[in-house]
Every structure is written in structure tokens, then in C-alpha cells.
Amino acid sequence: MGEQALTPAGADAGTDPAGTPAPAADAAQGVSGAATAGMTADGQPAAPAGVPGAGMTADAGGTGGPRELTADLVAGPGGVMTDEVGVVTGELTLKSRYADGQATLTVQYKDADEWYAVTGGTAKLADPADLDAVHTVALALLHRPEG
């Protein structure tokens with residue numbers, strides 16, 4: 001495996017590490033040589049590449065802080081089991097919340113103030129973006145207006 005030359009900080013963004021002029025598109029974006037997004041074939045660390053959004057948590061919906069999704073539903077026969085009050089039925093609102101690496105499902109009677117934890121409605125999530133899928137599946141399971 002060969003050695004890799006790195007462009008020192010402040011070097012001309014229009015040249016690659018060997019000093020060869022970069023293609024016009026790369027130079028216009030401030031990219032030094034080929035954009036690798038931090039990966040190389042020989043295993044040597046690459047110089048930071050000017051790849052927009054690479055490694056940015058903002059592109060993935062934030063830093064993993066609290067996030068909520070809500071939707072109205074009509075509970076099917078048997079309703080929705082909650083930890084606090086047992087079964088709730090009728091027109092409800094489902095809230096799916098992500099915080100501290102965990103998704104939590106709660107329901108309330110539509111337009112009420114009190115929220116109730118859905119029994120068994122917690123799960124660990126590695127990525128806050130996965131809350132969208134959890135919410136979609138929970139809503140599909142609980143919303144059964146036809147029974």
C-alpha cells in the first residue's frame with residue numbers, strides 16, 4: 001500500500017494533494033482532488049473532503065433530541081390498552097415520541113388533555129429517523145374504523 005499525500009490546511013483548493021489542478025467542478029466547490037468523503041482504498045486516512053452533508057447530523061433530523069409525531073385514529077374493537085386507565089376506545093390521538101434513544105407511544109381521547117402510555121408501546125431506536133416507521137406501523141395497527 002502506498003503513501004498518501006495530504007493537502008495541508010490552507011492549501012489551494014484548486015489542486016489535488018500532488019499539486020495537480022483539480023477539475024473545474026471540484027475547484028468550484030472547494031474540493032481538493034477526488035471527493036472521498038473520508039474513505040480511501042488503501043486504508044490510509046484521507047484529508048477531509050468537501051462533500052456537502054457528509055457526517056452532518058442536521059441532515060438526519062437533528063442531534064437525537066426529543067421528536068414527536070401525532071395522528072388521529074379510531075380504535076378498533078377492543079380499543080387500545082394503556083398502562084394508566086386500561087382500554088380506551090373511540091376517537092383517539094396517537095403520539096409517537098423519540099427521546100434518549102427510545103420511542104414511546106401514547107394516546108389521548110381526541111382533543112383531551114391527558115395522555116396515556118400504550119401498553120408495550122416503547123422500543124429502543126438507534127436513529128431518530130426510525131420514529132417515522134414506528135409511527136406509521138403503530139397507526140396502521142391501531143386505526144381500525146371498520147373494526
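The values are calculated or read from the model by the stated rules, or taken from the named source; none is laboratory data. Being a predicted model, the structure only gives us computed values, none of them experimental. A quick note on method: Cβ atoms are made from the backbone with ideal geometry, for glycine too, and the neighbour counts reach across all protein chains shown. Just the protein is used for accessible areas: all its heavy atoms, side chains included, with ligands, DNA and RNA removed. Shrake-Rupley method; radii C 1.70, N 1.55, O 1.52, S 1.80 Å.
Tabulated values for the structure
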{"read-out": "Enumeration of residues in the range 133-145 that are touching a residue at least 40 places away in the same chain (Cβ under 8 Å) and open to solvent by 70 Å² or more (accessible area, probe 1.4 Å)", "value": "H143, R144, P145"}
{"read-out": "Hits in the range 115-130 - residues which are charged (D, E, K, R) and either free of Cβ contacts under 8 Å to residues at least 24 places away in the same chain or loosely packed, with under 11 Cβ neighbours inside 10 Å (or both)", "value": "K124"}
{"read-out": "Every pair of residues 6+ apart whose Cβ atoms lie under 8 Å, when the first sits in the range 86-98 and is free of Cβ contacts under 8 Å to residues at least 40 places away in the same chain and charged (D, E, K, R) while the second is surrounded by fewer than 13 Cβ atoms within 10 Å (Cβ to Cβ) and not in a strand (DSSP E or B)", "value": "E91/K110; R97/P66"}
{"read-out": "Meets criteria (among the hydroxyl-bearing types (S, T, Y) and within 17 Å of H135 (Cβ to Cβ)) for T82", "value": "no"}
{"read-out": "Residue list for the range 115-130, restricted to those being on the phi < 0 side of the Ramachandran plot and of a type outside the set (A, V, I, L, M)", "value": "W115, Y116, T119, G121, T122, K124, D127, P128, D130"}
